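Enquirer: Provided herewith is a single structure, encoded as structure tokens, for subsequent inquiry.
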Amino acid sequence: MMEQYQKAGISPEVIAFGAGIEEKLCSRFQAIDEMAEYNQMKVILAMQKNKVSAECMQTSTGYGYNDIGRDTLEEVYADIFCAQAALVRPQITCGTHALALALMSNLRPGDELLSASGRPYDTLEEVIGIRPSRGSLAEYGITYRQADLTADGRFDFEAIRDAIRPNTRMVTIQRSRGYLTRPSFGVDEIEEVISFIRSIRSDVCIMVDNCYGEFVEEREPVEAGADLVVGSLIKNPGGGLAPAGGYLVGTEECIENAAVRLTSPGLGKEVGASLGVNPSFYQGLFLSPVVVSGALKGAIFAANCYESLGFNVFPNGSEPRHDIIQAVTLGSKEGVIAFCEGIQAAAPVDSHVHPIPWDMPGYDSQVIMAAGAFVQGSSIELSADGPIREPYNVYFQGGLTWYHAKLGILSSLQKMLEAGLISLS
Ligand SMILES: *Cc1c(COP(=O)(O)O)cnc(C)c1O
């Protein structure tokens, strides 16, 4: 084994350091395996209940009428997420598109959107119109309000109460930390805030951005009372196999609104060719609970490695997890670069390229990204990125297998060691 890692450029002292950390994680890893087992059962039972069959792996072209594979998959998603209905399509291009679709189809001019979890994910700023943008909700006369989180990153119930207005039509809650160092929200906390919102206004539509959260816990946000739950298929539920796509699950009403917006009024869910993706959507969903467990082990391993070297890590090494993202404050530009080089060097694809910081559109500082993925931009695959600015955080996620995630982290430690940024003695 030692030899295999040495062939990958990992030195004996890094291997030994990693082994020492891994040893202490036995019981956590066992709990993660149990969660994977629970969610694996959930997926299999939903597939059996809906009689997923060989015909479901066929494809459709053109209008895509009567695509049994597509329609059955939507029933399977609805069951897994305990929702009335689902929309799961390759025509939904990414997570941002899925969220934009959910908002734009369920809001009307004059309505107000409230974010109960503070500042939303970066790309939603242009969807909402927080940053002026062509086609934003603001352009359609939909206003926006935000209840900031408390200083320690929790829901601010009083601020939420104050922000609910007569024309508040939708409330959005983001489960994952995104690219912030605030905590992620567990389904229990989401349930508590949803009950609170309902006690003030029972008729608002509550949406949860579920990106990176699927299969991390036993329950999903519909079970906590959400009307609409949204995510990306190149993150958790695609299991690394979905080549593109997004999903929405929720009430009949919310999903129908989204379907007629995605295709056309009058057509809704009836059209939309599956273009050959059915097998990878099914198989990716089937594998997802185990893939997510590998990514979680990687995140916990990274947190414990870097924490024991004195770095701040979010979440810390022992906190419960509600998503697969791990942030590490490396404190220097060199640290962020070395970390990302290590992740890249461990990739099965493009391991020979060197990531460098660049002026990415939409960001106010340079950003460096490491990814060697089978599916372009897929962040359920091992990936890391960080803006080159104080406090020099790197955000790390994914890994289709625990062993690959482990190699990536050891490789990041190796690069940090070689750059003289850490000492293992
Ligand atoms: C990734 C992500 C999105 C956006 O998804 P894209 O596929 O990158 O467009 C939105 N919200 C959260 C919390 C995310 O993690």
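Enquirer: So the check is Cβ under 6 Å with 6+ separation or different chains; which pairs have a first residue in segment 402-425 that's closer than 17 Å to S383 by Cβ and a second one that's crowded, with 19+ Cβ neighbours inside 10 Å and hydroxyl-bearing (S, T, Y)?
Expert: Within 6 Å, no pair qualifies.
Enquirer: Mind checking which residues of segment 200-216 are within 11 Å of the ligand (Cβ to nearest atom) and part of a strand (DSSP E or B)?
Expert: V208, D209
Enquirer: Could you grab me the full set of residues in segment 142-199 that are surrounded by 21 or more Cβ atoms within 10 Å (Cβ to Cβ), in contact (Cβ under 8 Å) with a residue 60 or more places away in the chain, of a type in the set (V, I, T) and not in a strand (DSSP E or B)?
Expert: Within segment 142-199, V187, V193, I197 meet the criteria.
Enquirer: Another question about this same structure. How many residues are surrounded by 18 or more Cβ atoms within 10 Å (Cβ to Cβ) and more than 16 Å from the ligand (Cβ to nearest atom) if we restrict to segment 312-332?
Expert: So the count comes out to 5.
Enquirer: What number of residues in segment 174-196 are of a type in the set (A, V, I, L, M) and within 16 Å of the ligand (Cβ to nearest atom)?
Expert: Qualifying residue count for the region: 3.
Enquirer: Another one. Checking the condition farther than 30 Å from R169 by Cβ and not assigned by TED's automatic domain parsing to the domain that holds N316, which residue from M47, M104, M35 passes?
Expert: M47
Enquirer: Shifting gears a bit: How many residues, within segment 381-425, are surrounded by fewer than 24 Cβ atoms within 10 Å (Cβ to Cβ), small (G, A, S) and not in a strand (DSSP E or B)?
Expert: The number of residues fulfilling the criteria is 4.
Enquirer: For segment 370-390, which positions are away from the ligand (no atom under 12 Å from the Cβ), closer than 20 Å to T329 by Cα and either touching a strand residue (DSSP E or B) at 6+ places or on another chain (Cβ under 6 Å) or among the small types (G, A, S) (or both)?
Expert: Scanning segment 370-390 gives A370, A371, A384, G386, P387.
Enquirer: Out of the residues in segment 230-264 that are of a type in the set (D, E, K, R) and more than 16 Å from the ligand (Cβ to nearest atom), state the one that is surrounded by the fewest Cβ atoms within 10 Å (Cβ to Cβ).
Expert: Only one residue tops the list, namely E252.
Enquirer: If you go through segment 344-353 one residue at a time, do you hit one that is over 19 Å from E418 (Cα atoms) and polar (S, T, N, Q)?
Expert: Looking through segment 344-353, none of the residues is over 19 Å from E418 (Cα atoms) and polar (S, T, N, Q).
Enquirer: Do we find a residue being away from the ligand (no atom under 16 Å from the Cβ), among the aliphatic types (A, V, I, L, M) and under 23 Å from V290 (Cβ atoms) anywhere in segment 125-141?
Expert: no
Enquirer: Continuing with this model, one more query. I'd like the residue in segment 65-99 that is under 18 Å from Y121 (Cβ atoms) and buried (at least 23 other Cβ atoms within 10 Å of the Cβ) and, out of all such residues, is farthest from the ligand (Cβ to nearest atom).
Expert: I92
Enquirer: Tell me which residues, restricted to segment 306-332, are in contact with a strand residue (DSSP E or B) (Cβ under 9 Å, 6 or more places away or on another chain) and not in a loop (DSSP other than H, G, I, E, B).
Expert: Y306, E307, N312, V313, F314, Q326, A327, V328, T329
The values are calculated or read from the model by the stated rules, or taken from the named source; none is laboratory data. Owing to the predicted nature of the structure, the values given are computational and were not obtained by experimental measurement. Note: ideal-geometry Cβ built from the backbone for every residue, glycine included; neighbour counts use all protein chains shown.
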